[in-house]
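What follows draws every value from the coordinates through simple rules; no lab data is involved. Here the structure is a predicted model, which means the values were calculated and not measured. A quick note on method: Cβ atoms are made from the backbone with ideal geometry, for glycine too, and the neighbour counts reach across all protein chains shown.
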Amino acid sequence: MKRGFTLIEILVVVAIIGILTTVIVANLYQARVKAADAAVKDDLNGIRSQAEIYYSLHNDSYGNYSGTTCPSVAGAGSLFSNDSNILGAINHAVNVGSGNSFCSTNGILWAVAIGLKSSGSWCIDSTGFSQLNNGAPNAAIVSNKCI
């Protein structure tokens, strides 16, 4: 009497393990994408209170920054580059998101949109509005407001 497994039995077990591994890896990737999107939304929501502090400390102005890619280094001119907390939140959101961004302020209104890891972009503005936009970050803002 022989002991052990046949070649067919071993191949069936290997196939089952391969299928289970594929399912687990796919779910793990989706979880990472959702976590990255949540981090972007959290970073942008944190900007709101800091922006109001900036506004009150800078003569009721957010500064000026024409609609373009968000700054990645500190500098004068607007809340996006002049406030280290806002700059840090934007940089973190860009790094965990798709890497695309769009910032705009005219001194009275501001808006920020960051590309999500999944698809589309998340946009927030000074009116309290925040939403998912199906397009790129630069398509999410018109006249310093999310659309």
(message) Loop by DSSP (not H, G, I, E, B), at most 12 other beta-carbon atoms within 10 Å: where is the longest site-free stretch of the chain for chymotrypsin sites (Phe, Trp or Tyr not before Pro)?
(response) 6-128
(request) Give me the distance in nm between label points sitting 7 Å out from Cα along the Cα-to-Cβ direction at Gln30 and Ser130, one decimal. (result) 2.5 nm
(request) May I ask for the longest run of the chain untouched by trypsin sites (Lys or Arg not before Pro) that are loop-located per DSSP and have at most 11 neighbouring C-beta atoms (other than their own) within 10 Å? (result) 4-147
(message) To the nearest 20 Debye, how big is the dipole of the chain about its Cα centre, given +1 on the beta carbon of each Lys and Arg and -1 on that of each Asp and Glu?
(response) 700 debye
(message) For Cys70, what residues show an amide H to amide H distance below 5 Å, using hydrogens built from the backbone and excluding near sequence neighbours?
(response) Ser101, Phe102, Cys103
(request) Identify which of Gly88, Gly120, Gly18 has the largest mean-square fluctuation in a Gaussian network model of the chain, with springs joining Cα atoms closer than 10 Å. (result) Gly18
(message) Taking θ = phi - 60°, what integer Hz values does the Karplus form 6.51 cos²θ - 1.76 cosθ + 1.60 yield along the range 133-142, in sequence order, with x for Gly and Pro?
(response) 10, 6, x, 5, x, 5, 8, 8, 10, 9
(request) Would you please give the residues with an amide H less than 5 Å from that of Lys117, counting only those at least 5 places away or on a separate chain, with H modeled from the backbone geometry? (result) Asp37, Ser98
(request) Tabulate in residue order the Karplus-calculated ³J(HN,Hα) for the range 12-19, using 6.51 cos²θ - 1.76 cosθ + 1.60 with θ = phi - 60°, rounded to whole Hz; enter x for Gly and Pro. (result) 5, 5, 5, 5, 5, 4, x, 5
(request) Identify all aspartates and glutamates with a Cα-Cα distance to Lys117 below 15 Å; exclude those on the same chain that are fewer than 8 residues away in sequence. (result) Asp37, Asp42, Asp43
(message) What does the extension gain come out to for Ala74 and Ile16, with contour length at 0.36 nm per residue minus their alpha carbon separation?
(response) 15.6 nm
(request) Could you run the Karplus curve 6.51 cos²θ - 1.76 cosθ + 1.60 with θ = phi - 60° over the range 82-91 and give me ³J(HN,Hα) per residue in whole Hz, x for Gly and Pro? (result) 8, 10, 5, 5, 5, 4, x, 5, 5, 4
(request) Please identify, among Ala113, Ala93, Ala35, the residue showing maximal mean-square fluctuation in a Gaussian network model of the chain using a 10 angstrom Cα cutoff. (result) Ala35
(message) Using just the Cα positions, wrap the chain in a convex hull and report its mean projected area in square nanometres, one decimal place.
(response) 11.5 nm²
(message) If you average the alpha carbon positions of the range 1-15 and of the range 85-147, how far apart do those two centres end up, in angstrom?
(response) 56 Å
